[in-house]
Amino acid sequence: MSKRRLTTFLPVAIFVVLVGFLAYRLELINQGNMPNMIPSVMINRPVPTFALPSLIQGRPDVVSKELIGHVTLIDVFASWCVPCRIEHPYLADIKKAGIFLVGINYKDQPEQAKAWLTKLGNPYDEIASDYDGRVGIDFGVYGVPESYLIDKQGVIRFKQTGPLTPEDIDHTLLPLARELNK
Amino acid sequence: MIPEIGHFALILALFVALTQAVFPLIGAARGNQAWMDLSRPASAAQFLLVAIAFGALTWCYITSDFSVLNVVQNSHTNKPMLYKIAGVWGNHEGSMLLWIFILALYGVTVSIFGSNLPPALRARTLAVQAMIAFGFILFVLLTSNPFLRLDPAPTNGEGLNPLLQDPGLAFHPPFLYLGYVGFSMAFSFAIAALIEGRVDAAWARWVRPWTLAAWCFLTFGIAMGSWWAYYTLGWGGWWYWDPVENASFMPWLAGTALLHSSLVVERRDTLKSWTILLTIIAFSFSLLGTFLVRSGALTSVHSFASDPARGVFILALLVAVTGGSLTLFTLRAHTLKGGGLFAPVSREGSLMINNILLSAAAGTVLLGTLYPLFMDVLNLGKVSVGPPFFNAVFIPLMVPVAALMSVGPVLSWKRANLWTALRGLKFAGLAALVVVILTWVIATGPSALWTGAGLGLATWLLVGTLTTFVTRLIPTRISLLEFFHRSLAIPRSFYGMTLAHAGLAIVIVGIVGSTSWKTEKIQVMHFGDTINVAGYELTLKGVEEGVRGPNYIASRATFIATKNGHFVATLNPEKRMYEMPPRPTTNAAIHTNFIGDLYAVIGDPDEKGGYVTRLYYNPLVPWIFIGAAIMAFGGFVSLTDRRYLIGIPKRNKETLLSKSEQG
């Protein structure tokens, strides 16, 4: 009899554990840790030093020193990346808000990248060509597109993996940039 | 004015539900007939009030009343009428209102058709149903009110997500909810039975139609969702093991197990506490799915706007409903005395194995769906669980289920002879063997071994099911008149089972065929180019830009498909850009001959006048949807069985015997 009681108790026990997990997950969301967010070890660290050729011929190299003095968004993109198309139209809003917009063209043929930008428009202030993806490794690029918001001192303050949506830009990115511009 | 009427009706419904939850329960405990009978007018009133609320919101959508926030966020004047109406449940608030509407609908149906139920059982069942309704109405009123006004009203709305502007998806949620919510009825019956401490054959017979109805709708709803994903996402796939898909599949698995275990309760008066537990689990899975989809606890390709506050409320509901019922189960399960004993090889035995496997499958899907959440909470990193896991674990569990489905129905109750049963299925075994060998001879490639095995399994199930049916219908040489008599005398539930099992066999053929023999061609095509796809020649004739739809502009491609020089079809895949909200969608063009689908998708142009095109030949995919529809239809046929329609169910002779055996 007692053994049977124990078996009938099992479902409740499993359920209690399950609810514990679910409740804790909700608490994490309340703290701002969304399930699709991949934490970056790069947050609050200085931007890795880099010097990359510009995608546009005749323009000087893009170097990390340029990032000091203004709030910058580094956007890692590629012409082969389908989600990059999703965020592409919204990048102009970021530039409009006075953020210096640097694109890192990641593991991409420069010709294809240029064709892509000719078709969809070029919202970037500077575009660096990271043809072999070495700088991407320094940044810890995980999936394209990826975006890094960098403060005036050149410290990474925010990172997003995946396309920026208008909600991300209006509710997270721009308020944070305004804060950093103070 | 109309939105306020709706809001007010919903508040009244909340109090009616509270009344219906409390008084009939007290009445049943005290034997007070008047208090018990309160449940019937109360459930009618609750339904009427919720219907008014639902009608009010629908009215706001039809008339595009942009003083209502919910309408502004999800509708637009230039949207076709069908999608204005579908917009009612195309968002979180409205879909919860639909949930409550269906809940009330089930309640009032029990009250109308349940005149043969014992008054105490009916009162308790409707009281439990009202408790659920109370929780959900409170949820809508406090966190998700669809009737909120907006002042000043904008001149137009923001429009509905274009992916949802599709006939398949317009009707997908109502069917899905008829399924999800339908399990609440079986749940309420189970709780009522636990309170009474009595589960018997009669109880099983009363619950079965509700479980069956829920299962049919859910089967149909899932198939519809899968079909929608197949033709709108443009990837040529039909199932992605996405958390939202899994959320609907888990209750289906539990519900399927429940349908089979309740048969044992009905016929043999045993497996009672297990059946009760399954009833609780099936509805809890529905609630868990609601939680996962709406709380933002998991990422999915198609989830609602998530809000942790709503998540907390649904979690609280889940704790109250599932936690409460499982506790009650722990306290009361021992009062449910098991009845008839049975040998391992018997109908009961086969149904038990079916239950173990289906439950394990449901558990697997649950684990796979929640695993990323567990890892995240334990701070072990972000992971995602994809099709490889599900295929590796789920398929081995389902293969024995399908194999056993041929054998189970020919085994006799209590004790069966496996050898006799298998001898009756020798034709099915032979047919399966022929199919396996034929496939191995004809098919090539690395997966031919598995393809043959899969098709063999489907043949075994299909032929086995049909043989059993024919043997029952025509046991010996009979005259035409006798044949008609027999065909009428065989219970509808037997026809239903035959259809459902045969339907699954057809689904399996579709799954195996489409995974093994799919052809996929991705390339850049210029006008006039021809690509050969699985024996068809597809020629890109042209792309017409700027084709205007009611609320979108499309680029429409024209492909001419020929086979051996003969014209087969014209395919017009589109890329649409919707105006409100401005989002692109891909509309695949599909030509089907019911054996396979030619499936064409037009992509982006390159600068040199070429277009990226994706062309597929998806063999046997239509069989998946046809098979699922047959399964659902089988369920509906079973629903018309006489034994659910007549007044007092007959006491089973066997049940009485086995009771006296046990003393």
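How much net charge surrounds B:Glu266 when only the other residues with a Cβ under 10 Å from the Cβ of B:Glu266 are counted, with Lys and Arg +1 and Asp and Glu -1?
That sum, taken over residues with Cβ under 10 Å, equals +3.
Would you pull out the residues with amide H under 5 Å of A:Asp61's amide H, same chain only if 5 or more places away, H placed 1.01 Å from N?
Close amide H contacts, sequence-distant or interchain: A:Ser54.
Hey, could you pull the Cα Rg and Dmax for segment B:553-605, both in Å?
According to the Cα coordinates of segment B:553-605, Rg and Dmax are 13.2, 44 Å.
Cα-Cα over 20 Å: which of A:Lys107/B:Lys608; B:Lys84/B:Lys575; B:Lys521/B:Lys575; B:Lys272/B:Lys414?
Check vs 20 Å cut-off fails for A:Lys107/B:Lys608; B:Lys84/B:Lys575.
Kindly put B:Arg124, A:Arg45 in sequence by how many other C-beta atoms sit within 10 Å of each C-beta, fewest to most.
Values: B:Arg124 26, A:Arg45 11.
With the fewest neighbours first, B:Arg124, A:Arg45 line up as A:Arg45, B:Arg124.
Roughly speaking, what is the centre-to-centre gap between segment B:72-92 and segment B:1-60 when only Cα atoms are used, to the nearest Å?
Going from one Cα centre to the other spans 28 Å.
For the protein assembly as shown, what is the convex hull volume of its Cα atoms per residue in Å³? Show your work: numbers first, answer last.
On the way: hull volume 164.3 nm³, N = 845.
Dividing the Cα hull volume of the protein assembly as shown by its residue count gives 194 Å³.
Tell me whether segment B:529-622 comes out rounded, prolate or oblate; compute the Cα gyration tensor, take square roots of the eigenvalues as a ≥ b ≥ c, and use a/c under 1.5 as the rounded threshold.
Prolate is the answer for segment B:529-622, as a/c is 1.5 or above and a/b outweighs b/c.
Express in % the proportion of alpha carbon pairs of segment B:74-144 at distances exceeding 15 Å.
I get 62 percent for the Cα pairs in segment B:74-144 exceeding 15 Å.
Given the -39500 (n - 2.57) contribution per DSSP H run of 4+ residues, what per-residue ellipticity at 222 nm results for the protein assembly as shown, rounded to the nearest 500 deg cm²/dmol?
So the calculated ellipticity at 222 nm is -19500 deg cm²/dmol.
Got a sec to turn the phi values of segment A:165-170 into Karplus ³J(HN,Hα) couplings, 6.51 cos²θ - 1.76 cosθ + 1.60 with θ = phi - 60°, whole Hz, x for Gly and Pro?
9, x, 5, 4, 5, 6
Among the Cys residues of the protein assembly as shown, which have no other cysteine Cβ under 4.7 angstrom away?
Among the cysteines of the protein assembly as shown, those whose Cβ sits 4.7 Å or more from every other are B:Cys60, B:Cys216.
Per residue of segment A:109-125, what does 6.51 cos²θ - 1.76 cosθ + 1.60 with θ = phi - 60° give for ³J(HN,Hα)? Whole Hz please, x for Gly and Pro, Karplus curve as stated.
6, x, 4, 5, 4, 5, 4, 4, 6, 4, 6, 9, x, 10, x, 7, 6
Need one word for segment A:137-182: rounded, prolate or oblate. Basis is the Cα gyration tensor (sqrt eigenvalues a ≥ b ≥ c); a/c below 1.5 gives rounded, then a/b vs b/c decides.
On the way: a/c = 4.06, a/b = 1.19, b/c = 3.41.
Verdict is oblate for segment A:137-182.
When N counts the residues of segment B:1-159, how does its alpha-carbon radius of gyration compare numerically with 2.2 N^0.38 Å, as a ratio?
Taking N as the residue count of segment B:1-159, the ratio is 1.16.
Does chain B come out rounded, prolate or oblate, given a ≥ b ≥ c as the square roots of the eigenvalues of its C-alpha gyration tensor, rounded meaning a/c under 1.5 and, failing that, prolate meaning a/b above b/c?
Values: a/c = 1.99, a/b = 1.12, b/c = 1.77.
Oblate.
Residue by residue through segment B:534-546, what is 3J(HN,Hα) from phi via Karplus (6.51 cos²θ - 1.76 cosθ + 1.60, θ = phi - 60°)? Round to whole Hz and write x for glycine and proline.
Residue by residue, segment B:534-546 yields 6, x, 9, 9, 10, 10, 7, 7, x, 10, 8, 8, x Hz.
Let me know the whole percent of all Cα-Cα pairs from segment A:91-149 that are separated by more than 14 Å.
59 percent
In terms of modelled amide H atoms, which long-range or inter-chain residues lie less than 5 Å from the amide H of B:Gly159?
B:Asn74, B:Ser75, B:His76
Read-outs: derived from the displayed coordinates by stated rules, not from any lab. Please read these numbers as outputs of a predicted model, since none were measured by experiment. With ideal geometry, Cβ positions are generated from the backbone for all residues, glycine too; neighbour counts draw on all protein chains shown.
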